[in-house]
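Step one of this worksheet: look at the structure below.
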Amino acid sequence: MYKKSFLSLMVMLLLATTSCSSEEPAAIEPGGTISGDAGKTLIVYFSWGGNTRTVANHIHDLVGGDIVEVETVVPYPDTYEEVTQIAPGELESDYRPELKTKVENMDEYDTLIVGTPIWGGHLTPAMKSFLAGYD
Ligand SMILES: Cc1cc2nc3c(=O)[nH]c(=O)nc-3n(C[C@H](O)[C@H](O)[C@H](O)COP(=O)(O)O)c2cc1C
């Protein structure tokens, strides 16, 4: 019950870049192995409350590669009440917060595993900012 609802509240996406030379697209198999030719892998995640960080670190333990946390220049408030007051306006205006996080060597990665909570049915503004920053 807990596990099912926990997993429904965030998304983890695996993106194989088009530069990957293999015909077989990468996929995460049960048990955590990556099938296909995953190449160099980056796990990138945003987490406000820690759930996505926990899952991202677990995936990192399973599949290896590099891992980076997306952090905003202006941190979100610590309390649930405050962040749920801010988030609807940001989602409505498609706000893209400035990020502290920058991956300089993105071109070197073949596979991205992207983790974000769901806020108001959307990707978080921080993750939208991150994804918009790369080709
Ligand atoms: C501002 C805000 C909006 C949220 N909106 C949703 C939502 O629309 N649907 C949902 O299932 N969970 C929603 N949640 C719950 C989070 O997605 C869930 O608690 C998630 O596990 C938090 O991940 P984190 O601990 O990595 O920040 C929301 C949480 C917050 C703080």
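Quick note: the coordinates plus some simple rules give every number you see, no bench work behind them. Keep in mind it's a predicted model, so treat the numbers as computed, not measured. Cβ atoms come from the backbone with ideal geometry, glycine included; neighbour counts cover every protein chain shown.
Computed from backbone phi, the HN-Hα couplings of the stretch 83-99 come to 5, 6, 7, 7, 4, x, x, 5, 5, 4, 8, 6, 4, 10, x, 5, 10 Hz, rounded to whole numbers (Karplus: 6.51 cos²θ - 1.76 cosθ + 1.60, θ = phi - 60°; Gly and Pro given as x). Distance distribution P(r), the chain, all Cα-Cα pairs, bin width 5 angstrom from 0: 2, 10, 19, 22, 19, 14, 9, 4, 1, 0 percent.
The H on the amide N of THR72, modeled in the peptide plane, is under 5 Å from the matching H of LYS100, each at least 5 residues off or on a different chain. Once you place label points 7 Å from the Cα toward the Cβ at GLU82 and LEU13, how far apart are they in nm? Using points 7 Å along Cα→Cβ, the separation is 2.9 nm.
For MET106, project a label point 7 Å along Cα to C-beta. Then give me every residue of the stretch 21-63 with its amide nitrogen under 16 Å of that point. Answer for this model: 41-46.
In this simple spin-label model, placing a label point 7 Å from the Cα along the Cα-to-Cβ direction at both ASN57 and SER35 gives a separation of 3.0 nm.
Annotation: the antiparallel percentage among DSSP beta bridges lying fully within the chain is about 55.
Within the shell of other residues whose beta carbon sits under 13 angstrom from the beta carbon of ALA56, the net charge comes to -2, with Lys and Arg scored +1 and Asp and Glu -1. Taking other residues whose beta carbon is less than 13 angstrom from the beta carbon of PRO75, and scoring Lys, Arg as +1 and Asp, Glu as -1, yields -4.
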